[in-house]
Amino acid sequence: MDPKTWQQNRLAVLIDADNASHSIIEPLLAETAKYGVATVKRIYGDWTSTSLQGWKKVLAEHAIHPIQQFRHTVGKNATDSAMIIDAMDLLYTKRFDGFCVVSSDSDFTRLASRIREEGVIVYGFGEKKTPNSFVSACDKFIYTEILRREKSSRRKTSKTPSGRRSRKEETPPSKNTKLINLLSDAVEAVADDDGWARLGTVGSKITNQYPSFDSRNYGYAKLSSLVRSIDQFEVASRQAGSDPKQKAIYIRRK
């Protein structure tokens, strides 16, 4: 994303405290910063409950505004309703370019769809247990396990070169048939007459179809590093536009 673009994007970050862990707040906010500026940061829950003690310790540090929602009835999630109402109020102000919805709850599926209907981007954040309905309703969905793993990696002294796989995968990308087919289909869809496709366009094409796609799911920090690990693809750097110094990565199937 062009730095000039994300610097202008205004984001509303809405967190479901009942379905998100305080341990991921630092990497989560770092992740949202890639997409824009969080001008609103709100978190919803019953703050009289002892179960949210962990969150209480980090709210002031990160300037997150807590919204109190009492649980008047056992078994009913009033937090979701309050968060959805606030999200719609913020949407109608037309002040935001994107919403970051942090939860693993499928109750926010319709909310994500409704926001997108207004032409506003939705970034979802949740655990891998998040129902596919909510994942698919977002423009992009980031699994919080990735953020937690990155936070842990930064705390350790690692000899792994930047861009290389940070952990052992059960199936290496070069042998992951599903991944290879996914990349191949995207390349074919956007390639030029010689079969070359701009990597950024390929990534966008895949994300449009599968919002949870992320090179970090396969142990690579960048999509370019992931593609280079798969010998079925050729990778080349080409001039992008009229500026000879401006380069872009292109790939094609061997």
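For the range 34-125, the set of GluC sites (Glu not before Pro) satisfying both a DSSP loop assignment and a count of at most 15 other C-beta atoms within 10 Å is given as Glu61, Glu118. Each of Arg10 and Arg114 was given a label point 7 Å from its Cα along the Cα-to-Cβ line. The distance between the two points is 2.1 nm. In this calculation the C-beta distance from Met88 to Lys178 is compared with R0 = 45 Å, giving a FRET efficiency of 0.75. In terms of the mean number of neighbouring beta-carbon atoms within 10 Å, the peptides 138-144, 106-112 order highest first as 138-144, 106-112.
If only the Cβ of Lys and Arg carry +1 and only the Cβ of Asp and Glu carry -1, the dipole of the range 173-253 around its Cα centre is close to 320 debye. Put simply, when 121-128, 78-85, 193-200 are sorted by average Cβ atoms within 10 angstrom per residue, most first, you get 121-128, 78-85, 193-200. For Val190 and Ala63, a Förster radius of 41 Å and the Cβ-Cβ distance give a FRET efficiency of 0.55, rounded to the nearest 0.05. Just checking my list [x] 1.06; [y] 0.99; [z] 1.10 against Cα Rg over 2.2 N^0.38 Å computed from this structure; which label fits? Entry [z]. Each of Ala186, Gly219, Ala236 was scored by the projection of its Cα onto the charge dipole of the range 173-253, and the greatest displacement toward the positive side belongs to Gly219; charges sit on the C-beta of Lys, Arg, Asp and Glu.
Between Lys34 and Ser204, the contour length at 0.36 nm per residue exceeds the Cα-Cα span by 59.7 nm. About the centre of its Cα atoms, the range 3-155 shows a dipole size close to 400 debye [charges on the beta carbon of Lys, Arg (+1) and Asp, Glu (-1) only; nearest 20 debye]. To the nearest 10 degrees, how steeply does helix 144-155 sit against the main Cα axis of the chain, on a 0 to 90 scale? So the helix axis and the longest Cα principal axis differ by about 80 degrees.
Fully extending the segment from Arg149 to Arg238 would add 28.7 nm, taking 0.36 nm per residue of separation and subtracting the current Cα-Cα distance. Inter-part distance, the range 236-254 to the range 120-149, computed on C-alpha centroids, equals 31 Å.
Every number here is computed from the coordinates shown, using simple stated rules; none is lab data. Treat the numbers as computed from the prediction; the structure is a model and nothing was measured. Here Cβ is always computed from backbone atoms with ideal geometry, including for glycine, and neighbour counts include all displayed protein chains.
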